[in-house]
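A.B. asks: Okay, handing you the structure first.
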(Lines give C-alpha, C1' and ligand atoms only; values in the text may rest on other atoms or scores of the structure.)
Protein backbone atom coordinates (compact mmCIF):
# COMPACT_ATOMS: atom_id res chain seq x y z
CA UNK A 1 0.00 0.00 0.00
CA UNK A 2 1.24 3.47 -0.84
CA UNK A 3 2.35 5.44 2.23
CA UNK A 4 1.99 9.24 2.00
CA UNK A 5 5.28 11.01 2.67
CA UNK A 6 6.16 13.28 5.53
CA UNK A 7 5.74 16.97 4.79
CA UNK A 8 9.46 17.51 4.27
CA UNK A 9 9.55 14.79 1.62
CA UNK A 10 8.08 14.69 -1.89
CA UNK A 11 4.36 13.87 -1.75
CA UNK A 12 3.14 10.39 -2.53
CA UNK A 13 1.04 10.17 -5.71
CA UNK A 14 -2.16 8.12 -5.43
CA UNK A 15 -5.45 7.83 -7.30
CA UNK A 16 -7.65 6.68 -4.46
CA UNK A 17 -10.56 7.82 -2.33
CA UNK A 18 -9.36 9.83 0.68
CA UNK A 19 -11.68 10.53 3.62
CA UNK A 20 -10.78 13.21 6.17
CA UNK A 21 -12.10 13.67 9.72
CA UNK A 22 -11.06 16.11 12.44
CA UNK A 23 -11.71 17.05 16.05
CA UNK A 24 -13.52 14.13 17.69
CA UNK A 25 -12.25 15.23 21.13
CA UNK A 26 -12.75 11.84 22.78
CA UNK A 27 -12.77 12.60 26.49
CA UNK A 28 -15.20 15.45 26.00
CA UNK A 29 -18.68 14.34 27.14
CA UNK A 30 -20.14 15.75 23.92
CA UNK A 31 -17.80 13.76 21.64
CA UNK A 32 -19.67 11.56 19.15
CA UNK A 33 -17.51 8.52 19.85
CA UNK A 34 -20.14 5.86 19.08
CA UNK A 35 -20.95 7.51 15.75
CA UNK A 36 -17.24 7.69 14.95
CA UNK A 37 -16.85 3.98 15.66
CA UNK A 38 -19.67 3.33 13.19
CA UNK A 39 -17.86 5.57 10.71
CA UNK A 40 -14.69 3.49 11.07
CA UNK A 41 -16.70 0.32 10.49
CA UNK A 42 -18.16 1.89 7.34
CA UNK A 43 -14.69 2.86 6.10
CA UNK A 44 -13.50 -0.72 6.43
CA UNK A 45 -16.63 -2.20 4.83
CA UNK A 46 -16.46 0.23 1.90
CA UNK A 47 -12.78 -0.47 1.27
CA UNK A 48 -11.68 3.12 1.82
CA UNK A 49 -7.99 3.23 0.94
CA UNK A 50 -6.85 6.27 2.94
CA UNK A 51 -8.29 7.86 6.09
CA UNK A 52 -6.69 11.06 7.38
CA UNK A 53 -7.40 12.12 10.97
CA UNK A 54 -6.60 15.80 11.38
CA UNK A 55 -5.93 15.83 15.10
CA UNK A 56 -7.72 16.43 18.39
CA UNK A 57 -9.11 12.92 18.09
CA UNK A 58 -8.36 12.61 21.80
CA UNK A 59 -8.77 15.57 24.16
CA UNK A 60 -5.69 15.19 26.32
CA UNK A 61 -6.18 18.67 27.80
CA UNK A 62 -9.17 17.41 29.75
CA UNK A 63 -7.80 14.59 31.86
CA UNK A 64 -4.64 12.64 32.56
CA UNK A 65 -3.45 11.05 29.35
CA UNK A 66 -3.13 7.45 30.52
CA UNK A 67 -6.61 7.08 32.08
CA UNK A 68 -8.27 8.87 29.16
CA UNK A 69 -6.61 6.63 26.57
CA UNK A 70 -7.42 3.51 28.63
CA UNK A 71 -11.06 4.61 28.80
CA UNK A 72 -11.11 4.88 25.00
CA UNK A 73 -9.22 1.66 24.44
CA UNK A 74 -12.07 0.38 22.28
CA UNK A 75 -11.63 3.31 19.92
CA UNK A 76 -7.87 2.84 19.77
CA UNK A 77 -8.30 -0.87 19.12
CA UNK A 78 -10.70 -0.16 16.26
CA UNK A 79 -8.29 2.36 14.72
CA UNK A 80 -5.44 -0.14 14.94
CA UNK A 81 -7.55 -2.97 13.58
CA UNK A 82 -8.81 -1.30 10.40
CA UNK A 83 -8.28 -3.81 7.60
CA UNK A 84 -7.15 -2.41 4.26
CA UNK A 85 -7.39 1.22 5.39
CA UNK A 86 -4.22 3.34 5.45
CA UNK A 87 -4.80 5.50 8.55
CA UNK A 88 -2.74 8.68 8.77
CA UNK A 89 -2.81 10.61 12.05
CA UNK A 90 -1.98 14.35 12.04
CA UNK A 91 -1.76 15.74 15.57
CA UNK A 92 -3.66 18.76 16.84
CA UNK A 93 -3.13 21.01 19.83
CA UNK A 94 -5.29 18.87 22.17
CA UNK A 95 -3.44 15.64 21.37
CA UNK A 96 0.01 17.10 20.70
CA UNK A 97 1.53 14.79 23.31
CA UNK A 98 0.95 11.84 20.96
CA UNK A 99 3.59 13.26 18.60
CA UNK A 100 6.13 13.43 21.42
CA UNK A 101 5.23 9.89 22.50
CA UNK A 102 5.69 8.66 18.91
CA UNK A 103 9.06 10.41 18.66
CA UNK A 104 10.23 8.79 21.90
CA UNK A 105 9.33 5.43 20.36
CA UNK A 106 11.41 6.22 17.30
CA UNK A 107 8.33 6.46 15.11
CA UNK A 108 7.36 2.87 15.81
CA UNK A 109 3.64 2.43 16.41
CA UNK A 110 0.37 1.16 14.96
CA UNK A 111 0.06 4.05 12.48
CA UNK A 112 1.88 7.17 11.34
CA UNK A 113 1.68 10.24 13.63
CA UNK A 114 2.97 13.59 12.36
CA UNK A 115 2.30 17.34 12.25
CA UNK A 116 1.73 17.70 8.52
CA UNK A 117 1.07 15.41 5.60
CA UNK A 118 1.34 15.83 1.83
CA UNK A 119 -0.56 13.64 -0.61
CA UNK A 120 -0.69 14.02 -4.37
CA UNK A 121 -4.05 12.87 -5.74
CA UNK A 122 -5.68 13.57 -9.08
CA UNK A 123 -2.65 15.55 -10.17
CA UNK A 124 -2.85 17.97 -7.23
CA UNK A 125 -0.88 18.13 -3.98
CA UNK A 126 -2.88 18.51 -0.79
CA UNK A 127 -1.42 19.67 2.51
CA UNK A 128 -3.16 18.20 5.54
CA UNK A 129 -2.63 19.89 8.91
CA UNK A 130 -4.63 20.48 12.08
CA UNK A 131 -4.57 24.26 11.78
CA UNK A 132 -3.52 25.65 15.16
CA UNK A 133 -0.68 27.34 13.24
CA UNK A 134 -3.30 29.46 11.47
CA UNK A 135 -4.73 30.70 14.77
CA UNK A 136 -1.26 31.61 16.03
CA UNK A 137 -0.31 33.56 12.89
CA UNK A 138 -3.76 35.07 12.52
CA UNK A 139 -4.41 36.26 16.06
CA UNK A 140 -1.83 35.24 18.68
CA UNK A 141 1.40 36.87 17.50
CA UNK A 142 3.99 37.74 18.81
CA UNK A 143 3.53 34.20 20.13
CA UNK A 144 5.41 31.81 17.85
CA UNK A 145 4.09 28.48 16.56
CA UNK A 146 6.89 26.74 18.46
CA UNK A 147 5.90 28.47 21.71
CA UNK A 148 2.27 27.52 21.16
CA UNK A 149 3.30 23.90 20.62
CA UNK A 150 5.17 24.02 23.93
CA UNK A 151 1.98 25.38 25.49
CA UNK A 152 -0.09 22.59 23.92
CA UNK A 153 2.34 19.98 25.21
CA UNK A 154 2.12 21.41 28.72
CA UNK A 155 -1.68 21.49 28.55
CA UNK A 156 -1.69 17.79 27.69
CA UNK A 157 0.39 17.24 30.84
CA UNK A 158 -1.99 19.37 32.94
CA UNK A 159 -5.01 17.44 31.68
CA UNK A 160 -7.49 20.06 32.88
CA UNK A 161 -8.28 23.50 31.47
CA UNK A 162 -9.75 24.55 34.80
CA UNK A 163 -7.99 25.75 37.92
CA UNK A 164 -4.85 23.70 37.50
CA UNK A 165 -4.30 25.11 34.04
CA UNK A 166 -4.24 28.67 35.34
CA UNK A 167 -1.01 27.98 37.17
CA UNK A 168 0.57 26.58 34.04
CA UNK A 169 -0.55 29.61 32.05
CA UNK A 170 0.99 31.95 34.61
CA UNK A 171 4.21 29.95 34.41
CA UNK A 172 4.24 30.25 30.63
CA UNK A 173 3.50 33.95 30.83
CA UNK A 174 6.46 34.42 33.15
CA UNK A 175 8.58 32.96 30.37
CA UNK A 176 7.36 35.58 27.95
CA UNK A 177 4.37 33.84 26.35
CA UNK A 178 1.46 36.27 26.34
CA UNK A 179 -1.30 33.72 26.94
CA UNK A 180 -2.72 34.77 30.30
CA UNK A 181 -4.61 37.69 28.76
CA UNK A 182 -6.08 35.26 26.22
CA UNK A 183 -6.93 32.48 28.66
CA UNK A 184 -10.67 33.21 28.60
CA UNK A 185 -10.67 33.27 24.80
CA UNK A 186 -8.66 30.04 24.49
CA UNK A 187 -10.96 28.27 26.95
CA UNK A 188 -14.10 29.00 24.90
CA UNK A 189 -15.49 26.33 22.54
CA UNK A 190 -13.61 26.36 19.24
CA UNK A 191 -16.55 27.48 17.14
CA UNK A 192 -17.04 30.52 19.43
CA UNK A 193 -13.45 31.81 19.56
CA UNK A 194 -13.00 35.11 17.69
CA UNK A 195 -9.35 34.24 17.11
CA UNK A 196 -10.55 31.53 14.72
CA UNK A 197 -12.09 34.12 12.42
CA UNK A 198 -8.55 35.33 11.75
CA UNK A 199 -7.39 31.73 11.30
CA UNK A 200 -10.02 31.13 8.64
CA UNK A 201 -9.20 34.40 6.90
CA UNK A 202 -5.55 33.37 6.71
CA UNK A 203 -6.45 29.91 5.40
CA UNK A 204 -8.32 31.51 2.50
CA UNK A 205 -5.64 34.14 1.85
CA UNK A 206 -2.73 33.81 -0.62
CA UNK A 207 -0.56 34.35 2.49
CA UNK A 208 -1.07 30.66 3.28
CA UNK A 209 1.39 29.77 0.53
CA UNK A 210 4.24 31.61 2.26
CA UNK A 211 3.39 30.70 5.83
CA UNK A 212 2.62 27.02 5.19
CA UNK A 213 5.14 26.24 2.45
CA UNK A 214 2.55 25.67 -0.24
CA UNK A 215 2.99 25.97 -3.99
CA UNK A 216 0.53 27.59 -6.36
CA UNK A 217 -2.37 25.24 -6.96
CA UNK A 218 -1.82 23.22 -3.78
CA UNK A 219 -4.88 22.41 -1.71
CA UNK A 220 -5.10 23.06 2.06
CA UNK A 221 -7.18 20.78 4.28
CA UNK A 222 -7.25 21.73 7.96
CA UNK A 223 -9.39 21.32 11.08
CA UNK A 224 -9.15 23.12 14.46
CA UNK A 225 -11.98 25.63 13.90
CA UNK A 226 -14.85 23.10 14.08
CA UNK A 227 -16.36 24.96 11.12
CA UNK A 228 -17.01 22.67 8.12
CA UNK A 229 -16.52 24.27 4.71
CA UNK A 230 -15.17 23.86 1.18
CA UNK A 231 -14.12 26.93 -0.82
CA UNK A 232 -15.70 27.57 -4.20
CA UNK A 233 -12.51 26.52 -6.00
CA UNK A 234 -12.03 23.48 -3.78
CA UNK A 235 -8.55 24.57 -2.71
CA UNK A 236 -9.35 25.16 0.97
CA UNK A 237 -11.45 22.73 2.99
CA UNK A 238 -12.30 21.92 6.60
CA UNK A 239 -14.22 18.80 7.69
CA UNK A 240 -15.55 20.37 10.89
CA UNK A 241 -15.80 18.41 14.16
CA UNK A 242 -17.43 15.38 15.74
CA UNK A 243 -18.36 17.13 18.95
CA UNK A 244 -21.60 18.93 19.80
CA UNK A 245 -21.67 22.72 19.74
CA UNK A 246 -20.29 23.43 16.29
CA UNK A 247 -22.08 24.23 13.06
CA UNK A 248 -22.57 20.52 12.35
CA UNK A 249 -21.38 17.21 13.72
CA UNK A 250 -20.25 13.96 12.11
CA UNK A 251 -18.99 15.64 8.95
CA UNK A 252 -16.13 14.38 6.81
CA UNK A 253 -14.43 15.28 3.55
CA UNK A 254 -14.23 12.99 0.54
CA UNK A 255 -11.39 13.66 -1.90
CA UNK A 256 -11.33 11.82 -5.22
CA UNK A 257 -10.22 12.74 -8.74
CA UNK A 258 -9.20 16.24 -7.57
CA UNK A 259 -12.68 16.94 -6.23
CA UNK A 260 -13.57 17.69 -2.60
CA UNK A 261 -17.01 17.09 -1.12
CA UNK A 262 -18.25 17.83 2.39
CA UNK A 263 -20.54 15.06 3.61
CA UNK A 264 -22.30 14.10 6.83
CA UNK A 265 -22.10 10.56 8.11
CA UNK A 266 -25.52 9.00 8.67
CA UNK A 267 -27.27 11.54 6.46
CA UNK A 268 -25.52 11.34 3.11
CA UNK A 269 -24.82 8.16 1.15
CA UNK A 270 -21.45 6.69 2.11
CA UNK A 271 -18.71 7.31 1.26
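The values are calculated or read from the model by the stated rules, or taken from the named source; none is laboratory data. Predicted model only: the values in this text are computed from it and were never measured. Backbone-built Cβ (ideal geometry, glycine too); neighbour counts: all protein chains shown.
A.B. asks: Given the structure, is residue 67 without any contact (Cβ under 8 Å) to a residue 12 or more places away in the chain and either farther than 25 Å from residue 254 by Cα or in contact with a helix residue (DSSP H, G or I) (Cβ under 6 Å, 6 or more places away or on another chain) (or both)?
C.D. replies: When the stated conditions are applied, residue 67 passes them.
A.B. asks: Scan the range 130-151 for residues that are farther than 19 Å from residue 61 by Cα and either touching a strand residue (DSSP E or B) at 6+ places or on another chain (Cβ under 9 Å) or touching a residue at least 12 places away in the same chain (Cβ under 8 Å) (or both) and report the count.
C.D. replies: Residues meeting the conditions: 7.
A.B. asks: Which residues, taken from the range 73-100, are over 21 Å from residue 33 (Cβ atoms) and surrounded by fewer than 19 Cβ atoms within 10 Å (Cβ to Cβ)?
C.D. replies: The answer is 84, 100.
A.B. asks: Let me ask something else. Take the residues of the range 103-130 that are crowded, with 20+ Cβ neighbours inside 10 Å and more than 14 Å from residue 86 (Cβ to Cβ): which is nearest to the chain's Cα centre (by Cα)?
C.D. replies: Ranking the qualifying residues of the range 103-130, first place goes to 130.
A.B. asks: For residue 33, only one of the following conditions fails: (1) closer than 18 Å to residue 270 by Cβ; (2) surrounded by fewer than 23 Cβ atoms within 10 Å (Cβ to Cβ). What is its number?
C.D. replies: (1)
A.B. asks: I need the full set of residues from the range 255-271 which are closer than 18 Å to residue 242 by Cβ, in a loop (DSSP other than H, G, I, E, B) and touching a residue at least 24 places away in the same chain (Cβ under 8 Å), in order please.
C.D. replies: Matches in the range 255-271: 266, 270, 271.
A.B. asks: Residues that are at pLDDT below 90, at least 3 per element: which helices (runs of 4 or more DSSP H) completely within the range 108-218 meet that?
C.D. replies: Because the criterion is at least 3 residues that are at pLDDT below 90, the helices (runs of 4 or more DSSP H) in the range 108-218 that meet it are 145-158, 163-174, 183-187.
A.B. asks: Inside the range 219-237, can you point out the residues that are under 22 Å from residue 26 (Cβ atoms), in contact with a helix residue (DSSP H, G or I) (Cβ under 8 Å, 6 or more places away or on another chain) and in a strand (DSSP E or B)?
C.D. replies: Listed by number, the list holds a single entry, 222.
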